[in-house]
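J.: This is the structure I have questions about; it appears just below.
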Amino acid sequence: MAKKIQSIRGMNDLLPEQSSDWQYIENHLRQVVAAYGYNEIRMPIVEATELFKRSIGEVTDIVEKEMYTFDDRNGDSLTLRPEGTASCVRAAMQHGLLHNQTQRLWYMGPMFRHERPQRGRYRQFHQIGVETFGFDGPDIDAELIFMSARFLKRLGLSEHTTLQINSLGSKATRAAYRDILVAYLNEHREQLDEDSLRRLESNPLRVLDSKNPQMQAMIQSAPKLVDHLDEESRVHFESLCATLDSAGIQYQVNPCLVRGLDYYAKTVFEWVTDKLGAQGTVCAGGRFDGLVEQLGGKPTPACGFAAGIERLVELLKEVSTERLAHKVDVYLLMAGDKAVLAGMVLAESLRDHSPSLRLITHCGAGSFKAQMKRADKSGASIALILGDNEIEQGTITLKYLRIEKEQQQVEIAALPALINEVLEIK
Ligand code: ATP
Ligand code: MG
């Protein structure tokens, strides 16, 4: 027998039994972004490698070791997108969306990073991204945090996630702080692991992000960027905190929150959970005022966030057993050739009558018992039974599968209205 081909490590199939969780999340997201007037944008999955090098930063984990980069047949270097922000900025610039206007955008789709696959960390994963352009005040930072909070609340995850925020200040602030931090880290050089020693040279702020337990005490005692903020960033951050306070949004200021991408400035935030082990960040974002200019556009303030769908799904599974399954409403059983013919036509007219009705018609004949078994397994609330008797009388039998109630013999003409009533379809 020929060898069976498997999926690529870290790139997963989404099976039918899992897709309802994804749809549940995606549907809530669509409702939430609509509630704030955001518009969808869809970008290609492949971009010029240069785009990510210039935006994410040459000395970040992503660009150094995680990108799927290849030469296409023309010899151009292309990369499977490792995140959405750079592509979104590229698209917005290319199509003049940033010219004298503000934008509130969102997108959803696969991202690719060559990381070590483990729970909550995959090589193809999926993000929901939200980006805003042209707003420089802390009001939009607050709006994005409100929106992410509302989204998590809708999913029933509020109690299981906490918000951490920090400010990275301006570029100049970070440059000055970098010197202070490097001096401190050099004093504690013997405590740094290999990764951190490397980062000390290339990107010292990222040392603060280390998860190494042996380094935590040293990191906690390091000088804090929030204590060295420039005036503008300080006012911006205080105003954001005040807005969150007024709205009753709880948060912790985490001075070690730095984020892994170079383009962040001022506000950064993460929603974290303690229920997913080391992969506890379900949503992360912040302000990236310098990115548009860095990619050749006019200086444009920008702020956004991205949530990882796989981690949201895993968290949902951790905390709730009862989720919206992909429910079927009606299962139609048919006995005999005449019934199959009449039943297929009837099913079409029911779907015409109630566009949101989810109806499965039994295909492939079989005994009544076998059909009933299928009906039960489908999860339908109602079975409709059509046989020769029913056809002669112009009726159909309606059987309740999930509640104790006598089955009914119903006139075909009265069926559409009755189904809507029973299922409460408006
Ligand atoms: P982490 O610190 O967990 O590696 P990150 O800082 O690299 O995350 P971002 O680039 O900010 O992550 O992406 C935003 C969100 O996307 C993360 O908070 C997480 O929920 C999700 N995410 C990132 N990388 C992966 C991955 N390899 N697999 C699954 N989800 C991911
Ligand atoms: Mg990462």
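J.: Pull out a ≥ b ≥ c, the square roots of the eigenvalues of the alpha-carbon gyration tensor of the range 7-129, then state rounded if a/c is under 1.5, prolate if not and a/b is larger than b/c, and oblate in the remaining case.
T.: On the way: a/c = 2.04, a/b = 1.04, b/c = 1.96.
It is oblate, given that a/c is not under 1.5 and a/b is not larger than b/c.
J.: Also: Report the residue, chosen from Glu143, Glu231, Glu66, that carries the largest GNM mean-square fluctuation when the chain is represented by alpha-carbon nodes joined by springs under 10 Å.
T.: Maximum fluctuation in the GNM of the chain, among the listed residues, is at Glu231.
J.: What shape does the range 195-261 take by its C-alpha gyration tensor, where a ≥ b ≥ c are the square roots of the eigenvalues and a/c under 1.5 counts as rounded, a/b above b/c as prolate, and the rest as oblate? Intermediate values should be presented prior to the final figure.
T.: Values: a/c = 2.64, a/b = 1.89, b/c = 1.40.
Prolate shape, in that a/c is at least 1.5 and a/b is the bigger ratio.
J.: Ok, one more. Assigning unit charges at the beta carbon (Lys, Arg +1; Asp, Glu -1) and nothing else, what dipole magnitude in debye, to the nearest 20, does the range 75-133 show about its Cα centre?
T.: Working: 8 positive and 4 negative charges, 63 e Å.
Roughly 300 debye for the range 75-133.
J.: What is the angle, in °, between the Cα long axis of helix 138-154 and the longest principal axis of the Cα atoms in the chain? Nearest 10 is fine, range 0 to 90.
T.: In the chain, helix 138-154 runs at an angle near 40 degrees to the longest axis.
J.: Oh, and also: Of Phe146, Gln407, Gly277, which is farthest on the positive side of the dipole of the chain, counting Cα position, with +1 on Lys and Arg Cβ, -1 on Asp and Glu Cβ, and the Cα centre as origin?
T.: Gln407
J.: Sticking with this structure for a sec: Roughly how many percent of the accessible protein surface of the range 284-421 is carbon and sulfur, given a 1.4 Å probe and a whole-percent answer? Could the numbers behind the result be given before it?
T.: On the way: 3930 of 7310 Å².
Of all accessible area on the range 284-421, carbon and sulfur atoms account for 54 percent.
J.: Find which of Thr161, Leu332, Trp106 sits farthest along the positive direction of the dipole of the chain, computed with +1 on the beta-carbon of Lys and Arg, -1 on that of Asp and Glu, about the Cα centre.
T.: The one lying farthest along the dipole's positive direction is Leu332.
J.: Also, quick follow-up: Which cross-chain or sequence-distant (5 or more) residues have an amide H under 5 Å from the amide H of His126, H modelled 1.01 Å from N in plane?
T.: Counting only residues 5 or more places away or on other chains, the set is Met111, Ile309, Glu310.
J.: Any chance you could list P(r) for the range 102-187, counting all Cα-Cα pairs in 10 angstrom bins from zero, rounded to whole %?
T.: All Cα pairs, binned at 10 Å, distribute as 12, 26, 34, 26, 3 percent.
J.: Can you list residues whose amide H is under 5 Å from Thr395's amide H, if they're 5+ apart or on another chain and H is modeled 1.01 Å from N?
T.: For Thr395, the qualifying residues are Ile412.
J.: Distance from the Cα centre of the range 258-292 to that of the range 362-386, in angstrom?
T.: Centre-to-centre (Cα) distance: 49 Å.
J.: May I pose another question? For the chain, take the longest principal axis of its alpha carbons; what is the angle in degrees between that and the long axis of helix 171-187, to the nearest 10 within 0 to 90?
T.: Helix 171-187 sits roughly 70 degrees off the main axis of the chain.
J.: Once you keep just the Cα pairs under 8 angstrom separated by 6 or more residues, what percentage relative contact order results for the range 312-426?
T.: Working: 147 pairs, mean separation 31.3, N = 115.
The value is 27 percent.
J.: So which residue, out of Leu192, Leu357, Leu105, gets the largest mean-square fluctuation from a GNM of the chain using Cα contacts under 10 Å as springs?
T.: Leu357
J.: While we're looking at this one, here's another question. Mark the label point 7 Å from the Cα of Ala172 along Cα→Cβ and return the residues of the range 199-232 whose backbone N is within less than 16 Å of it.
T.: Hits in the range 199-232 for Ala172 at 16 Å: 228-232.
J.: Once you've got the GNM for the chain with C-alpha springs shorter than 10 Å, pick whichever of Val345, Val330, Val282 has the biggest mean-square fluctuation.
T.: Fluctuation is largest for Val345.
J.: Kindly identify the chain as rounded, prolate or oblate by the Cα gyration tensor criterion: order the square roots of the eigenvalues as a ≥ b ≥ c, call it rounded if a/c is under 1.5, otherwise compare a/b with b/c, prolate if a/b is larger, else oblate.
T.: Numbers: a/c = 2.45, a/b = 2.25, b/c = 1.09.
In terms of gyration-tensor shape, prolate.
J.: A further question on this structure: What do you get for the angle between helix 309-319 and the principal long axis of the chain? Use alpha-carbon atoms, 0 to 90 degrees, nearest ten.
T.: That helix lies at roughly 70 degrees to the long axis.
J.: I would also like to ask the following. Given H placed 1.01 Å from N in the peptide plane, which residues other than close sequence neighbours of Thr267 have an amide H under 5 Å from its amide H?
T.: Leu168, Arg287
J.: Ok, one more. Could you give the accessible area per residue of the chain, probe 1.4 Å, as a whole number in Å²?
T.: Numbers: 21870 Å² over 426 residues.
For the chain, the solvent-accessible area averages 51 Å² per residue.
J.: Run the dipole for the range 275-340 about the Cα centre, Lys and Arg Cβ at +1, Asp and Glu Cβ at -1, nothing else charged, and hand back the magnitude in debye, nearest 20.
T.: Dipole of the range 275-340, to the nearest 20 debye: 60 debye.
J.: Phe125: accessible area at probe 1.4 Å, nearest 10 Å²?
T.: Accessible area, nearest 10 Å²: 30 Å².
J.: Here is a further query. Can you grab the distance from the C-alpha centre of the range 121-196 to the C-alpha centre of the range 1-77, Å, no decimals?
T.: 21 Å
J.: What dipole magnitude, in Debye to the nearest 20, does the chain give about its Cα centre under +1 on Lys/Arg Cβ and -1 on Asp/Glu Cβ?
T.: Numbers: 50 positive and 58 negative charges, 176 e Å.
Roughly 840 debye, rounded to the nearest 20.
J.: May I pose another question? Where the accessible area of the range 96-185 is counted over protein heavy atoms with a 1.4 Å probe, how much of it, in %, is carbon and sulfur?
T.: On the way: 1770 of 3650 Å².
Carbon and sulfur atoms account for 49 percent of the accessible area of the range 96-185.
J.: What are the trypsin sites (Lys or Arg not before Pro) within the range 51-148 that DSSP puts in a loop, where the Cβ has at most 11 other Cβ atoms within 10 Å?
T.: Values: sites: Lys53, Arg54, Lys65, Arg73, Arg90, Arg104, Arg113, Arg119, Arg121, Arg123; in loops: Arg73, Arg113, Arg119, Arg123.
When the trypsin sites (Lys or Arg not before Pro) of the range 51-148 are filtered for loop state and at most 11 Cβ neighbours within 10 Å, Arg73 remain.
The values are calculated or read from the model by the stated rules, or taken from the named source; none is laboratory data. All figures in this text were calculated on a predicted structure; none of them were measured in a lab. Cβ: placed from backbone, ideal geometry, glycine included. Neighbour counts: every protein chain shown. Note: accessible area is taken over every heavy atom of the protein model, side chains too, but ligands, DNA and RNA are not part of it. Shrake-Rupley method; radii C 1.70, N 1.55, O 1.52, S 1.80 Å.
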